[in-house]
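Chemist: Okay, here's the structure, questions in a sec.
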Amino acid sequence: RGFRYRSFHDTEGPVVLTDGTALPGRHDGMGAFRGPRGTTVLVRNHEVNNPQPAFGPGDPYDEMAGGGTTTIQVNRRGGVLGSFTSLNGTMMNCSGGQMPWGLWITCEETINGPDVEADFTGTSNVPLTQPHGYVFEVPVSHQPGSGQSSRRPIRSAGRFAHEAVSFDP
């Protein structure tokens, strides 16, 4: 009783983001942040596995990895005001965590890479150009230019199948 939700960017049929990117699908973990003028900025993961071309504009971490994050600004009624690619070229972006300084940390739930034999599905990793199994920072912004990840893995957090991350002050 009293619970309501609004579904948007459903993957039935092609969805094109404001930046012209075809929505990659396989939605997974997401963080909701306060945006300007009563809006909400959502950063959501795309848990795409297996080597395939990276989606979206920008310089992907691995041009043969189809996962990453997209950022969406919504109004109070759930209407989409804008959407864009915020990280591309990663794999199996599962969950992550919201950081109190205004970042989303996205986690790769895999250790695929050109240095790894076939993955659990039997798919070859030879086409990949970078090792995977890292976490990445994604800035929170409703502006495409300032909401872009550096696409540099946080190697000090280790290379393994990351499920999620949290912050303990």
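Chemist: Scan Cys107, Cys94 and give me the residue that is crowded, with 22+ Cβ neighbours inside 10 Å and closer than 18 Å to Ile154 by Cα. Steps first, please.
Modeler: On the way: Cys94 fails: crowded, with 22+ Cβ neighbours inside 10 Å.
So the residue among Cys107, Cys94 that is crowded, with 22+ Cβ neighbours inside 10 Å and closer than 18 Å to Ile154 by Cα is Cys107.
Chemist: What is the residue count in the stretch 58-86 for residues that are over 23 Å from Val126 (Cα atoms), of a type in the set (A, V, I, L, M, F, W, C) and more than 12 Å from the chain's Cα centre (by Cα)?
Modeler: 3
Chemist: Would you mind stating whether Ala118 is open to solvent by 20 Å² or more (accessible area, probe 1.4 Å), outside any strand (DSSP E or B), under 27 Å from Val15 (Cα atoms) and hydrophobic (A, V, I, L, M, F, W, C)?
Modeler: Working: open to solvent by 20 Å² or more (accessible area, probe 1.4 Å): yes; outside any strand (DSSP E or B): yes; under 27 Å from Val15 (Cα atoms): no; hydrophobic (A, V, I, L, M, F, W, C): yes.
No; evaluated as a whole, the condition is false for this residue.
Chemist: Take the conditions over 30 Å from Thr123 (Cβ atoms), out of contact with any helix residue (DSSP H, G or I) (no Cβ under 6 Å at 6 or more places or on another chain) and not charged (D, E, K, R) and apply them to Phe55. Does it pass? Reasoning before the result, please.
Modeler: Working: over 30 Å from Thr123 (Cβ atoms): no; out of contact with any helix residue (DSSP H, G or I) (no Cβ under 6 Å at 6 or more places or on another chain): yes; not charged (D, E, K, R): yes.
So Phe55 fails the test.
Chemist: Kindly indicate whether any position in the stretch 122-133 is crowded, with 18+ Cβ neighbours inside 10 Å, at pLDDT below 95 and not in a loop (DSSP other than H, G, I, E, B). Reasoning before the result, please.
Modeler: In the first step, residues of the stretch 122-133 are kept if they are crowded, with 18+ Cβ neighbours inside 10 Å; the result is 125, 128, 130-133.
If we keep only those that are at pLDDT below 95 too, we end up with 125.
Now restrict to residues that are not in a loop (DSSP other than H, G, I, E, B): none.
Scanning the stretch 122-133, I find no residue that is crowded, with 18+ Cβ neighbours inside 10 Å, at pLDDT below 95 and not in a loop (DSSP other than H, G, I, E, B), so the answer is no.
Chemist: Further question: Identify all residues within the stretch 2-31 that are part of a strand (DSSP E or B) and in contact (Cβ under 8 Å) with a residue 24 or more places away in the chain; write none if there are none. Working first, answer last.
Modeler: Taking the stretch 2-31 and keeping what is part of a strand (DSSP E or B), we get 16, 22, 27-31.
Residues satisfying the conditions are Ala22, Asp28, Gly29, Gly31.
Chemist: Determine which member of the set Ala54, Ala22, Ala65 is within 21 Å of Ala164 (Cβ to Cβ) and of a type outside the set (Asp, Glu). If you could, list the steps in order and put the result at the bottom.
Modeler: Details: Ala54 fails: within 21 Å of Ala164 (Cβ to Cβ); Ala22 fails: within 21 Å of Ala164 (Cβ to Cβ).
Of the residues listed, the single one that is within 21 Å of Ala164 (Cβ to Cβ) and of a type outside the set (Asp, Glu) is Ala65.
The values are calculated or read from the model by the stated rules, or taken from the named source; none is laboratory data. These numbers come from a predicted model, not from an experiment. Please note: Cβ atoms are built from the backbone with ideal geometry, for glycine as well, and neighbour counts cover all protein chains shown. Just so you know, the surface numbers come from the protein's heavy atoms only, side chains and all, with ligands and any DNA or RNA stripped out. Shrake-Rupley method; radii C 1.70, N 1.55, O 1.52, S 1.80 Å.
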